[in-house]
1. I need the strands (runs of 3 or more DSSP E) fully contained in region 44-123, keeping only those with at least 3 residues that are modelled with pLDDT of 85 or more.
2. Within region 54-64, count every residue that is surrounded by 15 or more Cβ atoms within 10 Å (Cβ to Cβ) and under 17 Å from residue 5 (Cβ atoms).
3. Could you tell me whether residue 9 is outside any helix (DSSP H, G or I), assigned by TED's automatic domain parsing to the domain that holds residue 71 and surrounded by 13 or more Cβ atoms within 10 Å (Cβ to Cβ)?
4. Is there a residue in region 20-29 that is loosely packed, with under 10 Cβ neighbours inside 10 Å and at pLDDT 85 or above?
5. What number of residues in region 24-33 are in a helix (DSSP H, G or I) and closer than 16 Å to residue 52 by Cα?
């Protein structure tokens with residue numbers, strides 16, 4: 001079974017090939033680094049929903065996973081009842097996080113490792 005990461009990578013390769021874009025040009029249009037775009041292409045990471053939405057809009061992407069095709073309509077934003085605007089903007093806040101906003105500590109506790117991840121999101 002094909003996973004979502006490889007489906008996104010396949011679709012991004014198709015989109016940039018069909019438009020005659022280089023990886024650098026595509027990364028710039030999407031607003032990510034060349035390295036991040038390569039990680040999407042090779043399936044080592046998956047872009048956040050806001051980036052995926054941008055790629056779908058810009059390049060008319062659709063994902064094919066096994067025999068199911070998810071087209072542009074599958075990625076439409078739907079306003080959910082009961083969620084405030086602040087909660088819905090969390091994805092945007094997560095997209096703005098840089099390495100400087102992360103603090104990761106690892107501490108040995110007996111035979112285990114305790115990992116603490118602190119993320120500072122600007123308000």
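1. Working: elements: 63-65, 68-70, 102-109, 112-119.
Hits in region 44-123: 102-109, 112-119.
2. Quick first cut of region 54-64, residues surrounded by 15 or more Cβ atoms within 10 Å (Cβ to Cβ) only: 54-56, 59, 61-63.
Narrowing further to those that are under 17 Å from residue 5 (Cβ atoms): 55-56, 61-63.
Here the count works out to 5.
3. Numbers: outside any helix (DSSP H, G or I): no; assigned by TED's automatic domain parsing to the domain that holds residue 71: yes; surrounded by 13 or more Cβ atoms within 10 Å (Cβ to Cβ): yes.
Criteria not met by residue 9.
4. Initial filter on region 20-29 (loosely packed, with under 10 Cβ neighbours inside 10 Å): 20.
Still in the running and at pLDDT 85 or above: 20.
Yes, that holds for at least one residue.
5. Step one: of region 24-33, the residues in a helix (DSSP H, G or I) are 24-30.
From the residues that got through so far, the ones that are closer than 16 Å to residue 52 by Cα too are 26-30.
So the answer is 5.
The values are calculated or read from the model by the stated rules, or taken from the named source; none is laboratory data. Being a predicted model, the structure only gives us computed values, none of them experimental. Please note: Cβ atoms are built from the backbone with ideal geometry, for glycine as well, and neighbour counts cover all protein chains shown.
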